[in-house]
1. How many residues are in contact with a helix residue (DSSP H, G or I) (Cβ under 6 Å, 6 or more places away or on another chain) and among the β-branched types (Val, Ile, Thr) if we restrict to the range 11-36?
2. Restricting the range 55-72 to residues that are open to solvent by 40 Å² or more (accessible area, probe 1.4 Å) and either in contact with a Phe, Trp or Tyr (Cβ under 9 Å, 6 or more places away or on another chain) or without any contact (Cβ under 8 Å) to a residue 24 or more places away in the chain (or both), which is farthest from residue 88 (Cα to Cα)?
3. Which number in (1) closer than 14 Å to residue 111 by Cβ; (2) in contact with a helix residue (DSSP H, G or I) (Cβ under 6 Å, 6 or more places away or on another chain) marks the one condition that residue 47 misses?
4. Of the residues that sit in the range 1-26 and are under 12 Å from the mean Cα position of the chain (by Cα) and not polar (S, T, N, Q), which one is farthest from residue 68 (Cα to Cα)?
5. Which residues, taken from the range 1-54, are surrounded by 14 or more Cβ atoms within 10 Å (Cβ to Cβ), basic (Lys, Arg) and more than 15 Å from residue 75 (Cα to Cα)?
6. Just for the range 79-103: of the residues that are touching a residue at least 60 places away in the same chain (Cβ under 8 Å) and among the small types (Gly, Ala, Ser), which one is surrounded by the fewest Cβ atoms within 10 Å (Cβ to Cβ)?
Amino acid sequence: MDDLTRQKCVPCQNGAPTATKDEIDAYKRQVPDWDIVDVRGCQVLKRVFRFKNFKSALAFVNQVGELAEAEYHHPTLVLDWGRVEVLWTTHKIKGLHKNDFSMAAKTDALL
C-alpha cells in the first residue's frame, strides 16, 4: 500500500463513492491512533492531540491549517487549552475518502 503521507488530495465530486470497508480497513492500519466516529450520520476520522499549554496547541492548529490550505482539504478543528481535536471527512460525499486518511497521516507527521 502507498504511504499515505505522499498522496495528494484529489477533488471529489458530488456523488463520488466513499471508501469501501476494505479500503477503510487498509487505510486505518496506517493511522492507528485515529478513531472512526459517526457525526450526524457521517463517518469521520477523529483524533485528540494533547499539548503542554494553549500556545503549543494553537501552533499545532496553525500547522494543520497550513497543511489544509496546501491540499485544499479542510478539517474541523477544536482548540482548547492544551488540547486539539481534529476531524477529517469529505463533506461532498458525506463520508470517508482516501483523502481523509492521507490528511490524517500528514497531520500525524506534523508532530
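The values are calculated or read from the model by the stated rules, or taken from the named source; none is laboratory data. None of these values were measured; they are calculated from a predicted model. Using ideal geometry, Cβ is built from the backbone for each residue, glycine included, and neighbour counts are taken over all protein chains shown. When the accessible area is computed, the model is the full protein with side chains, heavy atoms only, and any ligands, DNA or RNA have been set aside. Shrake-Rupley method; radii C 1.70, N 1.55, O 1.52, S 1.80 Å.
1. 2
2. Let us first name the residues in the range 55-72 that are open to solvent by 40 Å² or more (accessible area, probe 1.4 Å), namely 55, 58-59, 62-63, 66, 69-70, 72.
Now narrow it down to the ones that are either in contact with a Phe, Trp or Tyr (Cβ under 9 Å, 6 or more places away or on another chain) or without any contact (Cβ under 8 Å) to a residue 24 or more places away in the chain (or both): 55, 58-59, 62, 66, 69-70.
Numbers: 55: 23, 58: 18, 59: 19, 62: 16, 66: 15, 69: 14, 70: 15 Å.
Here the residue is 55.
3. Status for residue 47: all satisfied but (2).
4. Our first condition is that a residue be under 12 Å from the mean Cα position of the chain (by Cα); within the range 1-26, this holds for 4-5, 9.
Filter once more, so that each one left must be not polar (S, T, N, Q): 4, 9.
On the way: 4: 15, 9: 10 Å.
Selected residue: 4.
5. If the condition is that a residue be surrounded by 14 or more Cβ atoms within 10 Å (Cβ to Cβ), basic (Lys, Arg) and more than 15 Å from residue 75 (Cα to Cα), then 28 is the only one that fits.
6. Of everything passing the filter in the range 79-103, 95 is surrounded by the fewest Cβ atoms within 10 Å (Cβ to Cβ).
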